[in-house]
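One structure is given below, encoded as structure tokens.
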Amino acid sequence: MAYRLFEGKEHAASYWKYRISPSDHLIQQVLDFLEKQKGGPFELAVDVGCGSGQGTLLLAKHFPSVVGTDVSPAQLEVALQHAKEPNITYRQCVAEELPFADGSVDLMTAMSAFHWFDRPRFLREAHRVLKPRGCLALLNYTIDMELSYSDRCSHTLNHVCKEFYAALQPYRSPHLGPSSIELYREAYESIPYPDKEWQECVWVRKPMPLSSYMGLVESFSSYQALLREDPQKATSLSQDICQRLMSIMGVTSAETEVVVGVKYFYLLTCKPEEA
């Protein structure tokens with residue numbers, strides 16, 4: 001069963017403003033795997049569950065045609081507003097029923113989206129649309145991001161961050177289980193292709209204002225679930241965490257820049273020539 005979240009216009013705008021996308025280095029890891037397994041020339045990349053399109057944009061310089069798909073019209077509306085490249089198009093559809101011909105896709109990605117799909121159905125659909133030697137890349141990051149600021153004590157900052165994540169844990173979707181990484185590991189183990197890679201801990205560090213870090217966590221499904229259930233509790237929690245972090249940093253503005261460490265994991269696999 002697939003889960004449909006993040007579909008409101010306000011949340012879609014929040015996605016574009018706060019959600020992070022994989023680093024150029026991570027995207028290069030995907031492209032290197034594709035080059036090694038299939039070799040060029042490449043024609044079509046498809047980014048499934050593309051949301052507001054940050055990841056789709058990263059693929060545009062590497063393929064003649066890139067298509068982002070998402071179930072949410074609101075997310076795609078935001079994506080279209082930022083898609084200036086002529087080789088990017090967007091399609092509204094569910095991840096398990098993609099509008100592509102059999103054996104037509106060189107690279108399929110799902111960036112921070114696969115865990116919401118009907119995973120067995122999606123993997124069957126990926127198998128259908130991938131070309132022989134076409135590749136699938138599933139990327140995600142964990143919620144336990146780390147903060148650093150100047151020479152202030154990172155341990156104290158991250159103790160507060162962990163309190164934030166712990167407060168949101170009860171509102172985590174049961175569909176995700178205790179840890180998303182386990183869902184991806186299970187998928188890796190279930191895929192019968194001989195050529196595949198699993199990488200569990202790739203740290204990416206991004207500078208951003210503290211307010212953007214707060215907005216990022218507030219865009220997560222667990223915070224959004226708390227916000228729906230008890231808006232006052234959600235707002236108070238966020239404000240308290242932000243104030244405590246600023247106090248530790250010794251600053252009075254949430255626009256102060258911090259460095260956010262994000263722990264990515266990913267699965268890469270290649271459809272066999274004869275499959």
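The values are calculated or read from the model by the stated rules, or taken from the named source; none is laboratory data. Everything numeric here is computed off the predicted structure, so don't read it as measured data. Here Cβ is always computed from backbone atoms with ideal geometry, including for glycine, and neighbour counts include all displayed protein chains. Just so you know, the surface numbers come from the protein's heavy atoms only, side chains and all, with ligands and any DNA or RNA stripped out. Shrake-Rupley method; radii C 1.70, N 1.55, O 1.52, S 1.80 Å.
Cβ separations smaller than 7 Å between residues 6+ apart or across chains give the following pairs from the range 76-90 residues that are in contact (Cβ under 8 Å) with a residue 40 or more places away in the chain and of a type in the set (Ser, Thr, Tyr) to residues that are open to solvent by 70 Å² or more (accessible area, probe 1.4 Å) and part of a helix (DSSP H, G or I): Tyr90/Leu80. The C-beta contact set for the range 234-251 (first residue among the hydroxyl-bearing types (Ser, Thr, Tyr), second residue in a helix (DSSP H, G or I), distance under 7 angstrom, 6+ apart or interchain) comprises Ser238/Met214; Ser238/Glu218.
Among residues of the range 24-43 that are free of Cβ contacts under 8 Å to residues at least 12 places away in the same chain, those with a Cβ under 9 angstrom from a residue that is assigned to a helix (DSSP H, G or I), sequence gap 6+ or separate chain, pair up as Gly40/Leu34. Here Val204 meets the list (1) touching a residue at least 40 places away in the same chain (Cβ under 8 Å); (2) over 23 Å from Ser148 (Cα atoms); (3) open to solvent by less than 40 Å² (accessible area, probe 1.4 Å) almost entirely, failing just condition (2).
Name the single residue, out of those in the range 17-67 being polar (S, T, N, Q) and in a helix (DSSP H, G or I), that is surrounded by the fewest Cβ atoms within 10 Å (Cβ to Cβ).
The residue in question is Gln28.
Taking (1) more than 16 Å from Ser221 (Cα to Cα); (2) open to solvent by less than 30 Å² (accessible area, probe 1.4 Å); (3) at pLDDT below 85 in turn, Met1 satisfies each apart from (2).
Among the residues making up the range 68-97, a single one is of a type in the set (S, T, N, Q), assigned to a helix (DSSP H, G or I) and under 18 Å from Trp116 (Cβ atoms): Gln75. Taking first residues from the range 160-181 that are surrounded by 15 or more Cβ atoms within 10 Å (Cβ to Cβ) and partners that are β-branched (Val, Ile, Thr) and part of a helix (DSSP H, G or I), the Cβ contacts under 6 Å between residues at least 6 apart in sequence or on separate chains come to Phe164/Ile241. Within the range 109-127, if we keep just the residues that are open to solvent by less than 20 Å² (accessible area, probe 1.4 Å) and out of contact with any Gly (no Cβ under 8 Å at 6 or more places or on another chain), the residue that is farthest from Cys270 (Cα to Cα) turns out to be His115. I want to confirm something. Restricting to the range 113-143 and keeping residues that are among the basic types (Lys, Arg) and not in a helix (DSSP H, G or I), which single residue is farthest from Ile27 (Cα to Cα)? The extreme case among them is Lys131.
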